[in-house]
Amino acid sequence: MSAETPAPQKRAAYEPAARLLKPPRYDPHMKRPISTTAGAALILLRVLAGVAVLVGIAAGWDDILADPDSVLEGFDPSREGTQAALWLVLGTGAVVLLLDLALALLVYRGINWARVVVMFISVLSISTSFTAWWAQGQEIEIDGTYVSLSLDILVLLALSSRSAAAYARRNERRDEPDDPPVT
């Protein structure tokens with residue numbers, strides 16, 4: 001580097017809590033950061049993974065019912081009852097996936113409550129996977145838990161970044177010493 005070009009400033013490894021808790025500045029024209037775009041894309045991948053799971057459930061429904069450990073409580077064991085159970089599972093899954101899709105669009109638009117809800121859902125999903133592994137000895141496998149767990153971790157990392165938080169809160173007006181008073 002030449003003597004005229006200043007070196008880029010690195011962020012400190014440790015930052016005081018006061019700086020971390022300082023709210024982002026009011027900037028309604030802030031460009032959408034890559035972390036928000038990546039977070040929304042990861043939520044869409046989670047939706048696609050959910051669609052694949054529902055297709056797998058529908059395709060393997062008879063095998064699921066043939067497992068001696070599977071029990072359909074509250075449903076008639078007849079063919080009509082098992083079909084009703086399948087439609088209930090698929091319908092519930094579709095509603096959850098549609099809500100996740102709506103949250104992805106809201107996160108992409110920079111809606112803060114949607115970002116917080118998605119992060120909360122990711123934390124619950126990660127915690128559930130950990131608890132199942134710890135308490136029940138459930139294996140984390142590539143074709144099952146691993147994909148959803150990795151997507152949830154990546155969503156959490158992307159949406160908890162400073163840039164994603166600042167973008168989601170860019171329209172919040174705060175009275176700060178350097179802002180002119182609102183009249």
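The values are calculated or read from the model by the stated rules, or taken from the named source; none is laboratory data. Values in this document were obtained by computation on a predicted structure and should not be read as measured data. Just the protein is used for accessible areas: all its heavy atoms, side chains included, with ligands, DNA and RNA removed. Shrake-Rupley method; radii C 1.70, N 1.55, O 1.52, S 1.80 Å.
Compare 133, 87 by solvent-accessible area with a 1.4 Å probe and give them largest first, with all protein chains kept in place.
Heavy-atom accessible area, descending, gives 87, 133.
Rounded to whole Hz and in sequence order, give me ³J(HN,Hα) for segment 166-172 from the Karplus expression 6.51 cos²θ - 1.76 cosθ + 1.60, θ = phi - 60°, writing x for Gly and Pro.
Values per residue, Gly and Pro as x: 5, 5, 5, 10, 5, 8, 7 Hz.
Could you rank 37, 82, 5 by how accessible they are, 1.4 Å probe, largest area first?
If we order 37, 82, 5 from most to least accessible, we get 5, 37, 82.
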